[in-house]
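Data block below; observations after.
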Amino acid sequence: MTQTIFFYLTICASTIFITSFFLTQQNDFKVVVINEVIREMGKDLFSSSDPAVVEKYLPEGGAPASMSSFVLFASDDVVLIDAGLGGPNWVNKLTELGVKPEKIKLILLTHMHGDHIGGLLDGHTRRFPNATVLSAKLEYDYWFPKNAKARTSQLEKIKTAYGNDFSKTFEFDEQVFANATMKITALNAVGHTPGHTAFLVESSQNRLLIVGDLLHAAALQFPVPDICSSYDMDTKNTVTSRKRILDFAIKQNILIGGMHFPVPNIGKVKSNGQGGYEFIPAK
């Protein structure tokens, strides 16, 4: 099913309410998840895995999932993390949030797959006229060496439209944004792509870890984290990053959010005591 909706959640102390995602009532940041597509991730994405294991966790044929992006509000700043597929209603939802394209000055990319960069363009022109688009240096250098066969026509169009505003990069563990109420740090999550990135969003009182495509099918890959999808370019590093980041989230007691998590895309993770994890969606 294809639709574009967005969820607001509010966090007050340890209680989460799905209505407006204010991490505090005052002087903190707000997060809005835009669900551009809500659909299942099918078993065919895991054809290289043990069919019995896949069937155990996906008996109905697929895992509830989404294609989503995150909008962060802090003081007068609006930061976009990923730009979705860029379907016809996607930018309208930003407008409904009171965000015109020219308002966004910074877009952070978890990686450069098409369902994370499509919204950067309006046809062949840049949708966000004042935005700098940042990606990990490893990610940019993979897609944009000379004569790269991996580079897609979509990426070529984006590079042409944004010019130098698309070629700026960061290193892992670098602080990529900061203002009076919020800071964002880029974390190494390589594997899914060569420069796949997670973003740790922090204020004085709250933290949220946005993990990109660390998992595609929550119902399967949280309990069995060694399973990779056909989209993962380096399966060994994907699994290593997945476990390291999920263990970090557990140790730090941090909320996590993912672009392909089931709605509402945000929740807590804990060990299941059997070498895997359990995801507890926000309610």
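Which residue, H192, H124, H260, has the most motion in a Gaussian network model of the chain that connects Cα atoms within less than 10 Å?
In this elastic network of the chain, the residue with the biggest mean-square fluctuation among H192, H124, H260 is H124.
Compute the distance from the alpha-carbon center of region 35-59 to that of region 103-156, in whole Å.
Centre-to-centre (Cα) distance: 28 Å.
Please give the peptides 238-244, 176-182 ranked by average Cβ packing (other Cβ atoms within 10 Å per residue), highest first, as a rough proxy for protection.
On the way: 238-244: 19.3, 176-182: 17.3.
Ranked from most to least packed, the peptides come out as 238-244, 176-182.
Packing-wise, with mean Cβ within 10 Å as the measure, how do 51-58, 208-215 rank, highest first?
Details: 51-58: 14.1, 208-215: 26.2.
Final packing ranking: 208-215, 51-58.
So what are region 123-215's ellipsoid semi-axes, whole angstrom, largest first, if each one is the square root of 5 times an eigenvalue of the alpha-carbon gyration tensor? Don't skip to the end; give the middle numbers.
Details: eigenvalues 130, 58, 24 Å².
Those come to 25, 17, 11 Å.
Given K93/K251; K105/K157; K105/K243; K56/K270; K30/K103, which pairs have Cα atoms separated by over 24 Å?
The pairs that break the limit, which is 24 Å between Cα atoms, are K93/K251; K105/K243.
Would you mind telling me which residue in E171, E60, E36 has the biggest mean-square fluctuation in a Gaussian network model of the chain, where springs connect alpha carbons within a distance under 10 angstrom?
Result: E60 has the largest fluctuation of those listed.
Based on the alpha-carbon gyration tensor of region 154-264 and its eigenvalue square roots a ≥ b ≥ c, which shape applies: rounded if a/c is under 1.5, prolate if not and a/b is larger than b/c, or oblate?
Judged from the Cα gyration tensor, region 154-264 comes out oblate (a/c at least 1.5, b/c at or above a/b).
Set the Förster distance to 35 Å, then compute FRET efficiency between K236 and Q205 from the Cβ-Cβ distance, nearest 0.05.
Working: r = 37 Å, r/R0 = 1.06.
The pair K236/Q205 has a calculated efficiency of 0.40.
Rg(Cα) of the chain divided by 2.2 N^0.38 Å?
Working: Rg = 17.8 Å, N = 283, 2.2 N^0.38 = 18.8 Å.
After normalising by residue count via 2.2 N^0.38 Å, the value is 0.95.
Among Q175, Q205, Q221, which one moves the most in a GNM of the chain with springs linking Cα atoms closer than 10 Å?
Residue with maximal mean-square fluctuation among Q175, Q205, Q221: Q205.
Give me the percent of DSSP beta bridges within region 54-122 that run antiparallel, rounded to the nearest 5. Before the final figure, lay out the partial values.
Values: 5 of 8 bridges.
So the antiparallel bridges amount to about 60 percent of the total.
Taken together, the values in this text are just the output of simple stated rules run on the coordinates, not laboratory data. Only a predicted model underlies this, so the values are computations on that prediction, with no experimental measurement involved. With ideal geometry, Cβ positions are generated from the backbone for all residues, glycine too; neighbour counts draw on all protein chains shown.
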